[in-house]
Number of protein chains: 2
Amino acid sequence: MKAEIITIGDEILIGQIVDTNSAWMGEQLNLYGIEVYQITSVHDSREHILTAVDNARKNADLVLITGGLGPTKDDITKHTLCEYFNTRLVLNEEVLAWVQEMLTRRGVQVNQLNRDQALVPESCTVIPNGTGTAPGMWFEKDDTIFVSMPGVPFEMMHMMENEILPRLQRTGKAKSIYHKTVLTQGLPESMLAEKIEEWENNLPSFIKLAYLPSALMVKLRLSAYGTDAGFLKAEVEKQSDILKTIIPEYIFGYNDETLAGVIGKKLTELGCTLSTAESCTGGNIAHFITSNPGSSAYFKGSVVAYSNEIKKQMLDVDPESLEKYGAVSEQVAREMAVGAKKRMGTDYAVSTTGIAGPDGGTDEKPVGTVWVAVAGKNQVITKKFNFWHNRERNILRSTQSALNLLRSLIINENPVKS
Amino acid sequence: MKAEIITIGDEILIGQIVDTNSAWMGEQLNLYGIEVYQITSVHDSREHILTAVDNARKNADLVLITGGLGPTKDDITKHTLCEYFNTRLVLNEEVLAWVQEMLTRRGVQVNQLNRDQALVPESCTVIPNGTGTAPGMWFEKDDTIFVSMPGVPFEMMHMMENEILPRLQRTGKAKSIYHKTVLTQGLPESMLAEKIEEWENNLPSFIKLAYLPSALMVKLRLSAYGTDAGFLKAEVEKQSDILKTIIPEYIFGYNDETLAGVIGKKLTELGCTLSTAESCTGGNIAHFITSNPGSSAYFKGSVVAYSNEIKKQMLDVDPESLEKYGAVSEQVAREMAVGAKKRMGTDYAVSTTGIAGPDGGTDEKPVGTVWVAVAGKNQVITKKFNFWHNRERNILRSTQSALNLLRSLIINENPVKS
């Protein structure tokens, strides 16, 4: 099955937003064995949309269209598709009820623009939008499937995952593919590649390995292509097990897991609690932890101590330590973690203090210098990191590195009984 | 002048990399008054490249092509363009000398694949690559300009800035475009559209308006197209000024500004300080604030009070209030803000308490119920929000709504003297 993606919206063409939708859709379709032939970004213009859709039809069995479904005047996708498929707009009572329910829940008065969102092309299958008001539309014509979705990334993703991909799978046109992503932390890509070189060279030819590095981790994606789904799964799992014996300490999870999520699961299992004391990460560790549903079971709170007064007053950091070693020091990181653990009465506490930049660096402590400490049941461990990025990335790297140090101490203090 | 961008490379279509090149080029071209008509991403395939280039020629005066210029076998752009322009590859001595110099500098032995990079189509103008080995190529045919550049972002950017954009400017074909983006918070897209309907209908025909909604804000982008740059700018600014009189309380900034950034600037001007007390936002408000360079000048810290004990112990929330009204209540939000302001000794403090979901909702307080409070110099204001999203988006919406309430109190307490 061959697909083409069409993204509609002036904001993409003038570079106001980066089209991340297409990459996400390309990846998802690939996981379902559907090859993306072309990605086309076009203006909110009737003629342009008509040409793009018709060109796509010539090459693809599946045309995925995003954008231009909002309630305002510049959103013309629905009318244009009506014209292309030679159909007319009709009121869909279910969509109307849903729009009214969603807006009422939000305390928004329903106006005519909202009601118009329930007008859908007569010949299409309406696809529910679980997280927004604009419905998706599924058309079929001459053996080609056309799907129109909202351009808002989370609405599109929700619709793809819950509606479009399952429907595509039911068409039976998808190939067998089995993917598993191994998530690693603590080694840069090149060192990781060296460590697993022999294993990589010995992979069977039907399993492909991809390195996917980001600020958060290095992902290793194993993809097996073939016809026997059961066999592919067994082989990938076997290779993943072998990999686990080669780099056990760097693998923290698989597939969609996150480092904060893995830590949360472990703390829940152990019945342990956590607090954080953050300077340079500015609340981002707490944010990562509390992004997980159910985190209130183990996370008690955080003190974001941006100023030295707060470090002293709310985390009991010794004024002499600040004076003698400076705020960005092993000693202060240690006292922050110990202070948070004690003040908030938790089993574990993690702290950060560093220079995120762009200002505040010195020769001795350049921008990117970060101290992390973790106070556990019986000990406090510390680690220094030297990042070299911009502010945003330094905060992100510090957050993940702190979480990874926390993970290592939790595992260390609570070995799995065999 | 109308442009089309063609990006070549399988890695874009399988979603392994996000195509950030196109957005950057679109933005740059716009600044030079060149409108991007379409962005097309295609495979490393001869037929596909030929079709894409020829389709682009029909609509555009300028076709910018990136990717497929590397030294390896899958890079076929150069050969394909030779075929399209009916020319042949010839050795360019200057490029050869440059390739040899670059690789020698890097300590790389020059091989045949590298030497082949100095083969260029006979009919093109060779564009120097200041940061890599693959030269750019500039073709002209039937009044259309075609430029082929490397896909490596920093090589492409360097070539665009130093070679392509200046050359395009010298052609004298560029139209004038002026953009301004008005950033709003506090009104959903449909209600905003209603409020500004009359203004929108009265916009001159050469000014286009686009609504760009996201979880963070609704952006209104004004774009004026014409020939007289000064006139366009004046007209857009005039319309933006009129808009400001219609929805003054909802506009928080312009263009690339952020809500947290605007607040930071205001606090810096006023010499005022800020702290936060976060329950459902879990540290994300502090994270947004500290993402701004220089935030340590006005941000003292935050207490992320996820558990009730921390609310009592570190923010002086009255146990009776928690008992009587529950943690998610106006009273507790108010006490959290007052407690943070007092404990951390700041001029302003903002607090949140709510149910981010997916669990924890009740009939009376469903998931998405959020109370925000802001303590200022002379008063405490509170506001209740009803979101309806998933956890991630509820946290994001709560964060921005809290920042917006904070902004409104700061403005209220510190009116601009005229």
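The values are calculated or read from the model by the stated rules, or taken from the named source; none is laboratory data. All values reported here derive from a predicted model rather than from experimental measurement. Virtual Cβ from ideal backbone geometry, glycine too; neighbours counted across all protein chains shown. Heads up: the accessible areas ignore ligands, DNA and RNA and are worked out on the full protein's heavy atoms, side chains in. Shrake-Rupley method; radii C 1.70, N 1.55, O 1.52, S 1.80 Å.
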>> Can you confirm whether A:ILE14 is open to solvent by 10 Å² or more (accessible area, probe 1.4 Å) and within 11 Å of chain B (Cβ to nearest Cβ)?
In response: yes
> Which of the residues that make up region A:222-272 are charged (D, E, K, R), under 21 Å from A:LEU209 (Cβ atoms) and in contact with a helix residue (DSSP H, G or I) (Cβ under 8 Å, 6 or more places away or on another chain)?
Replying inline: A:GLU249
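Conditions tested, residue by residue: (1) under 19 Å from A:LEU29 (Cα atoms); (2) open to solvent by 60 Å² or more (accessible area, probe 1.4 Å); (3) touching a Cys at 6+ places or on another chain (Cβ under 9 Å).
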site: A:GLN117; (1), (2), (3): no, no, no
site: A:GLU122; (1), (2), (3): no, yes, yes
site: A:ASN129; (1), (2), (3): no, no, no
site: A:TRP138; (1), (2), (3): yes, no, yes
site: A:LYS141; (1), (2), (3): no, yes, no
site: A:VAL152; (1), (2), (3): yes, no, no
site: A:HIS158; (1), (2), (3): yes, yes, no
site: A:ASN162; (1), (2), (3): yes, yes, no
site: A:ARG170; (1), (2), (3): yes, yes, no
> Going through region A:54-94 one residue at a time, which ones are exposed (fewer than 15 other Cβ atoms within 10 Å of the Cβ), within 14 Å of chain B (Cβ to nearest Cβ) and either in contact with a Gly (Cβ under 9 Å, 6 or more places away or on another chain) or of a type in the set (Asp, Glu) (or both)?
Replying inline: A:ASP54
>> Going by what's in this entry, would B:THR51 be described as free of Cβ contacts under 8 Å to residues at least 60 places away in the same chain, closer than 25 Å to A:HIS48 by Cα, open to solvent by 40 Å² or more (accessible area, probe 1.4 Å) and among the β-branched types (Val, Ile, Thr)?
In response: yes
> If you go through region B:177-219, how many residues are within 12 Å of chain A (Cβ to nearest Cβ), in contact with a strand residue (DSSP E or B) (Cβ under 6 Å, 6 or more places away or on another chain) and among the polar types (S, T, N, Q)?
Replying inline: 1
>> Quick check on my filter: what residues within region B:332-355 are in a helix (DSSP H, G or I) and surrounded by 19 or more Cβ atoms within 10 Å (Cβ to Cβ)?
In response: B:VAL332, B:ALA333, B:ARG334, B:GLU335, B:MET336, B:ALA337, B:VAL338, B:GLY339, B:ALA340, B:LYS341, B:ARG343, B:MET344
> Can you name the residue in region A:306-321 that is outside any helix (DSSP H, G or I) and open to solvent by 10 Å² or more (accessible area, probe 1.4 Å) and is also farthest from the other protein chains (Cβ to nearest Cβ) among such residues?
Replying inline: A:ASP318
> Among the residues of region A:390-412 satisfying the criterion of being at pLDDT below 95 and open to solvent by less than 40 Å² (accessible area, probe 1.4 Å), which is farthest from A:PRO248 (Cα to Cα)?
Replying inline: A:ARG391
> Which of the residues spanning region A:368-400 are under 17 Å from A:GLU330 (Cβ atoms), without any contact (Cβ under 8 Å) to a residue 40 or more places away in the chain and within 23 Å of the chain's Cα centre (by Cα)?
Replying inline: A:PHE387
>> Which residue is farthest from B:GLY26 (Cα to Cα), if the candidates are limited to region A:21-73 and must be in contact with a helix residue (DSSP H, G or I) (Cβ under 8 Å, 6 or more places away or on another chain) and of a type in the set (D, E, K, R)?
In response: A:GLU35
> Is there a residue in region B:284-305 that is open to solvent by 40 Å² or more (accessible area, probe 1.4 Å), within 14 Å of chain A (Cβ to nearest Cβ) and without any contact (Cβ under 8 Å) to a residue 12 or more places away in the chain?
Replying inline: yes
>> So B:LEU183 passes all but one of these: (1) closer than 30 Å to B:THR245 by Cβ; (2) open to solvent by 10 Å² or more (accessible area, probe 1.4 Å); (3) of a type outside the set (Phe, Trp, Tyr). Which condition number does it fail?
In response: (2)
> Restricting region A:373-394 to residues that are in contact with a Gly (Cβ under 8 Å, 6 or more places away or on another chain) and of a type outside the set (S, T, N, Q), which is farthest from the other protein chains (Cβ to nearest Cβ)?
Replying inline: A:PHE385
